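Chemist: Sending over a structure as structure tokens; questions will come in a sec.
The values are calculated or read from the model by the stated rules, or taken from the named source; none is laboratory data. Just so it is clear, the model here is predicted, and its values are computed rather than measured. Neighbour counts run over all protein chains shown; Cβ positions are idealised from the backbone, glycine included.
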Amino acid sequence: MIKAGIVGATGYSGAKLVEILLKHKEVEITYLGSKSYCGMQLGEVYKNFNTNNNLLLQNLELTEISKMCDVVFLALPSKVAKEMVTQEVLNNTLIIDLGADFRLEDQNDYELWYSSKAPDMNILSQAIYGLTDIYKDKVKKTKLIANPGCYTTCSILTLAPLVKSNLIDLSTIIIDAKSGVTGAGRSLNVNSLYCEVNENIKAYGITTHRHTPEIEQELSKLANKKVLIQFTPHLIPMNRGILATCYARIKEGVTSKEIETCYSNFYKDSNFVNFLGENKIVETKYVKDTNRIDISFTIDKRTNNIITIGAIDNLVKGASGQAVENMNIYFGLDQYMGLEKFSSTPL
């Protein structure tokens, strides 16, 4: 059995991670970390967990936790993990960081967008960006996996085949993305209060959102050239889900058939990428509580633009589910173990 620890187990992503791992036949949870609820059982914080399963919340140092676990998931806010992860920790265990501290390869980019000192380069250089549908083979070669963000997972996977195959004008990419409120985390924040979110929709982080350089970094790798995007996120009054509507100018002569083939070939080995094809409706309710992304595209012949749309559950494919994928890959298990589709009729 793989001994797993979760630091930040009482956040939304952390709690979802516990839920998934409790059903994973190859995993035993040996540590749950929480500063705010230290000494309590997880079932006292989230009533859906059985209070008799002895899931006690603790607050130990990461070095000590790393000696108890084969893998430690860090479900923490940005700027925290970089102060905790050391070479000793990595020598002891696999670290899968659900935060943003090890996603950006350029230290200058991190300091610019996060207004904080970058992670130590000796540690950062060991990190692999854990976007499983693109970097599966690389995940097995590191002890530090930077689990991608939710907006980024949805946006990159929605655009990746077009960028890789050079079917669009890379200077015209616009991403208009919308997220449920759980994407903002569980910490008290005025902007996430019910009265602020209900009956409302708003754009935020306009030109400054921290997922922008992450998306640009990965699209640039696929294109083998620098890619700049226009990314605008929106907060909408629902609990979970992300919908990314991506626009770009199609290159002259590119056909619908060519685009269909491009997506089908790119994701032929990705069981959690559900490419619906052309002119299909993508909706968040059909991916809720799954580790799947649904993708479709439409061509506007009038403007010669392509509109590609992707939808994920931000807590699963956008966070905890993808983290479990990374764990499965690293330990040589079936990538999809514990993540089988379990959605019901979306009523």
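Chemist: Conditions: (1) at pLDDT 95 or above; (2) closer than 21 Å to residue 322 by Cβ; (3) in a loop (DSSP other than H, G, I, E, B). Residue 5 meets all but one. Number of the miss?
Modeler: (3)
Chemist: Okay, next question. One residue is enough: does segment 91-110 have a residue meeting the conditions part of a loop (DSSP other than H, G, I, E, B) and β-branched (Val, Ile, Thr)?
Modeler: Among the residues of segment 91-110, at least one is part of a loop (DSSP other than H, G, I, E, B) and β-branched (Val, Ile, Thr), which makes the answer yes.
Chemist: Find all pairs meeting these conditions: Cβ atoms under 7 angstrom apart; at least six residues apart or on different chains; first residue within segment 283-309 and surrounded by fewer than 20 Cβ atoms within 10 Å (Cβ to Cβ); second residue hydroxyl-bearing (Ser, Thr, Tyr).
Modeler: Matching pairs, first to second residue: 289/343; 299/256; 305/247; 307/245; 307/247; 307/298.
Chemist: Could you say which residue among 50, 91 is within 30 Å of residue 214 (Cα to Cα) and more than 23 Å from the chain's Cα centre (by Cα)?
Modeler: Exactly one of 50, 91 is within 30 Å of residue 214 (Cα to Cα) and more than 23 Å from the chain's Cα centre (by Cα), namely 91.
Chemist: Look through segment 226-236, keep the residues that are within 20 Å of the chain's Cα centre (by Cα) and outside any strand (DSSP E or B), and return whichever of them is modelled with the highest pLDDT.
Modeler: Here the residue is 229.
Chemist: Residue 324 versus (1) part of a helix (DSSP H, G or I); (2) without any contact (Cβ under 8 Å) to a residue 40 or more places away in the chain: which is the lone unmet condition?
Modeler: For residue 324, the exception is condition (2).
Chemist: Which one of the conditions (1) in contact with a Phe, Trp or Tyr (Cβ under 8 Å, 6 or more places away or on another chain); (2) closer than 25 Å to residue 127 by Cβ; (3) of a type in the set (Val, Ile, Thr); (4) surrounded by fewer than 22 Cβ atoms within 10 Å (Cβ to Cβ) does residue 30 fail to meet, given that it meets all the rest?
Modeler: (1)
Chemist: Checking the structure you have, find out if any residue of segment 151-169 is part of a strand (DSSP E or B), farther than 24 Å from residue 78 by Cα and at pLDDT 95 or above.
Modeler: yes
Chemist: Another question, then. Do the conditions hold for residue 160, that is, is it out of contact with any strand residue (DSSP E or B) (no Cβ under 7 Å at 6 or more places or on another chain), surrounded by 16 or more Cβ atoms within 10 Å (Cβ to Cβ) and closer than 20 Å to residue 243 by Cα?
Modeler: Answer is yes for this residue.
Chemist: So, in segment 74-90, how many residues would count as being part of a helix (DSSP H, G or I) and not acidic (Asp, Glu)?
Modeler: 5
Chemist: Mind checking which residues of segment 287-321 are part of a loop (DSSP other than H, G, I, E, B) and not acidic (Asp, Glu)?
Modeler: 287, 288, 290, 291, 292, 301, 302, 303, 304, 314, 315
Chemist: Quick one: which residue in 289, 300, 294 is acidic (Asp, Glu) and at pLDDT below 95?
Modeler: Going through 289, 300, 294 in turn, just one is acidic (Asp, Glu) and at pLDDT below 95: 289.
Residues are listed down the side, and each one gets a yes or a no for (1) assigned to a loop (DSSP other than H, G, I, E, B); (2) within 14 Å of residue 299 (Cα to Cα):
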residue: 238; (1), (2): yes, no
residue: 246; (1), (2): no, yes
residue: 249; (1), (2): no, yes
residue: 258; (1), (2): no, yes
residue: 264; (1), (2): no, no
residue: 271; (1), (2): yes, no
residue: 275; (1), (2): no, no
